[in-house]
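The values are calculated or read from the model by the stated rules, or taken from the named source; none is laboratory data. Bear in mind that the values here come from a model prediction, so they are computed numbers and not experimental data. Cβ sites come from the backbone with ideal geometry, for glycine too, and all protein chains shown count toward neighbours.
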Amino acid sequence: MSLGNKLAEARKKQNLTQEQLAERLDVTRQAVSRWESDAAYPETDKIVRMAQILEVSCDYLLQDGVDEKGKPATSPVTRLLKQAQGKRVKLTFYDNDDGMPIMHDWCVIQDFDGGWASLEVVVNKRRPEKNEVRLIPLSAISTITFLKDGETAKHTLEDIF
């Protein structure tokens, strides 16, 4: 998203008109309009002041992938993994050689960071101590299947073993 789009979105969240923002920044409404349409860019001191007025970070206004507070924005994959974390899921993995999904494993996503996930993989349902902990790249995951509401992992595991 461009600086102009972020500026317009943040201004609207604060219920400010272009004219009201312009008054607070001691610029013309046309200047704000040019910034929001990406026809011009504000000076650094104006960006700092805008961030304060609009209650967002300068990083948010100037960088992609940063939320309003200046923290890295979460991707859809990260949100999905947060939802799956600690729950038993079925993962399909890509084969490294031909890119085709090849392996299906029931596992629990223990943790993930950056491009990696730590998984406890069910090797033998009758001997949980034999379960493996694997560190895998997120790019190797083809699909994630969640258990249905009320469905237990034991029932589902019996179906696949």
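Here are the numbers:
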quantity	calculated
Leading residue by the ranking (modelled with the highest pLDDT) among those in the range 50-72 that are loosely packed, with under 13 Cβ neighbours inside 10 Å and part of a loop (DSSP other than H, G, I, E, B)	55
Cβ-Cβ under 6 Å pairs, at least 6 apart or on other chains, the range 94-118 side of a type in the set (Asp, Glu), far side at pLDDT below 80	95/102; 105/91; 105/121
